Amino acid sequence: MDFASPAGEAALVPPESVSWRIFKNPISLFVGGVAAVILELADPAVRTGVWERSTFRSDPLGRLRRTGLAAMVTVYGARSLSVPMIARIARMHARVTGTTPDGRPYAANDPALLTWVHATATFGFVGAYDRYVAGLCRSDVDSVYREGAPTLMLYGAADAPDSQARANALFDTQRARLEPSPIVFKFLQMMADTPAFPASLVWMQRLLVCAAVEIVPGWARERLGLDGRFALRRHERWVVQFAAALADRVVLREGPAAQSCLRLGLPATYLYPGGR
């Protein structure tokens, strides 16, 4: 995907947004993405669709990369690239239907399920950045939800939360649906073991998986059985925070964020400290 073209073409989300600032960080994106999937897999309908009707089990890294690319295109990509991509994903969702193990029918394009998936994604990305990179004020958090809501409508999400308060209300209504499953633990093991970073950093994935568990709400961790085995020690939490803060300062000039800035005539350092 060429994020540097077409020259001058706007994205669905503007460059001065909070979303552009937080999505540039690969460490917090990994942590937030894992946290989001934990919550998604806790829903039996989402879990069945993802585990039985996708490549997650056979190609976890490929699926992770494709999901990450879709998120990058949604935030940074030119509209002529992002809108058709979203339409293709929506058509794929329309073909995914089935029945959960307890006999309940599901459809991947169910607006309620899409709303849950996208709300958990925003919750994860915001929570990871806030916890491990730099604290976000309430207005910044609400901005990320608002910035993403129009895009989520393109995906088919019926009533995407546009604030943290509305996301919290959605979480409250979903509590009764969430349930423990061995698949959650299989997913976490896969994310710890499947190399997603350069070889010199693979050792840190276990810490990042534990960091993801830490930002899952306490009531959900308890319901899913995510106990002290996934707790970070103090020095491990410091390692995650140091790595995430460093990643927020290292300009990845070939990455989506920097290339998209160049597409809009902004410096590649625009999103980084002192770059404006």
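Quick check: is even one residue across the stretch 136-146 in contact with an Asp or Glu (Cβ under 7 Å, 6 or more places away or on another chain), assigned to a helix (DSSP H, G or I), surrounded by fewer than 18 Cβ atoms within 10 Å (Cβ to Cβ) and at pLDDT below 95?
The answer is yes, given that some residue of the stretch 136-146 is in contact with an Asp or Glu (Cβ under 7 Å, 6 or more places away or on another chain), assigned to a helix (DSSP H, G or I), surrounded by fewer than 18 Cβ atoms within 10 Å (Cβ to Cβ) and at pLDDT below 95.
If I filter the stretch 54-66 for residues that are assigned to a helix (DSSP H, G or I), in contact (Cβ under 8 Å) with a residue 24 or more places away in the chain and in contact with a strand residue (DSSP E or B) (Cβ under 8 Å, 6 or more places away or on another chain), do I get at least one hit?
For the stretch 54-66, residues assigned to a helix (DSSP H, G or I), in contact (Cβ under 8 Å) with a residue 24 or more places away in the chain and in contact with a strand residue (DSSP E or B) (Cβ under 8 Å, 6 or more places away or on another chain): absent.
Considering each of Leu69, Leu61, Leu41 in turn, give the residue that is surrounded by 18 or more Cβ atoms within 10 Å (Cβ to Cβ), within 24 Å of Val216 (Cα to Cα) and not small (Gly, Ala, Ser).
Result: Leu41 is the single residue among Leu69, Leu61, Leu41 that is surrounded by 18 or more Cβ atoms within 10 Å (Cβ to Cβ), within 24 Å of Val216 (Cα to Cα) and not small (Gly, Ala, Ser).
Let's see how each residue does on (1) within 24 Å of Thr48 (Cα to Cα); (2) hydroxyl-bearing (Ser, Thr, Tyr); (3) touching a Pro at 6+ places or on another chain (Cβ under 8 Å):
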site	(1), (2), (3)
Phe185	yes, no, no
Met190	yes, no, yes
Ser200	no, yes, no
Met204	no, no, no
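Specify which of the listed residues (Ala70, Ala36) is free of Cβ contacts under 8 Å to residues at least 24 places away in the same chain, closer than 30 Å to Arg138 by Cβ and part of a helix (DSSP H, G or I).
Checking each option against the conditions leaves just Ala70.
Every residue in the stretch 233-271 that is crowded, with 18+ Cβ neighbours inside 10 Å and either within 19 Å of Gly32 (Cα to Cα) or among the polar types (S, T, N, Q) (or both), please.
Result: Val240, Ala243, Ala244, Ala247, Asp248, Pro256, Ala257, Gln259, Ser260.
Please pick out the residue among Glu40, Glu52 that is under 14 Å from Phe187 (Cα atoms), of a type in the set (Asp, Glu) and under 17 Å from the mean Cα position of the chain (by Cα).
Of Glu40, Glu52, the one residue that is under 14 Å from Phe187 (Cα atoms), of a type in the set (Asp, Glu) and under 17 Å from the mean Cα position of the chain (by Cα) is Glu40.
Name the single residue, out of those in the stretch 233-250 being part of a loop (DSSP other than H, G, I, E, B) and under 21 Å from the mean Cα position of the chain (by Cα), that is nearest to Ser19 (Cα to Cα).
Only one residue fits best here, namely Asp248.
With (1) in contact with a Lys or Arg (Cβ under 8 Å, 6 or more places away or on another chain); (2) exposed (fewer than 15 other Cβ atoms within 10 Å of the Cβ) as the list, and Ala94 as the residue in question, which single condition is left unmet?
With (1) in contact with a Lys or Arg (Cβ under 8 Å, 6 or more places away or on another chain); (2) exposed (fewer than 15 other Cβ atoms within 10 Å of the Cβ) applied to Ala94, the lone miss is (1).
So which residues in the stretch 198-226 are without any contact (Cβ under 8 Å) to a residue 40 or more places away in the chain and either within 17 Å of Leu39 (Cβ to Cβ) or aromatic (Phe, Trp, Tyr) (or both), if there are any at all?
Trp203, Cys210, Gly218, Arg221, Glu222, listed by residue number.
Of the conditions (1) on the phi < 0 side of the Ramachandran plot; (2) surrounded by fewer than 20 Cβ atoms within 10 Å (Cβ to Cβ); (3) part of a loop (DSSP other than H, G, I, E, B), Leu154 satisfies every one except a single condition; which number is it?
The single condition Leu154 does not satisfy is (3).
Given the condition among the basic types (Lys, Arg) and either part of a loop (DSSP other than H, G, I, E, B) or in contact with a Pro (Cβ under 7 Å, 6 or more places away or on another chain) (or both), answer yes or no: does some residue in the stretch 97-107 qualify?
yes
Considering only the stretch 62-97, state which residues are in contact with an Asp or Glu (Cβ under 7 Å, 6 or more places away or on another chain) and of a type outside the set (D, E, K, R).
Ala78, Ser80
List every residue pair whose Cβ atoms sit under 7 Å apart, with the two residues 6 or more apart in sequence or on different chains, where the first one lies in the stretch 7-26 and is in a helix (DSSP H, G or I) and the second, anywhere, is of a type in the set (Gly, Ala, Ser).
Qualifying pairs under 7 Å: Val18/Ser143; Ser19/Gly148; Trp20/Ala257; Ile22/Ser28; Pro26/Ala247.
The values are calculated or read from the model by the stated rules, or taken from the named source; none is laboratory data. Please read these numbers as outputs of a predicted model, since none were measured by experiment. Cβ sites come from the backbone with ideal geometry, for glycine too, and all protein chains shown count toward neighbours.
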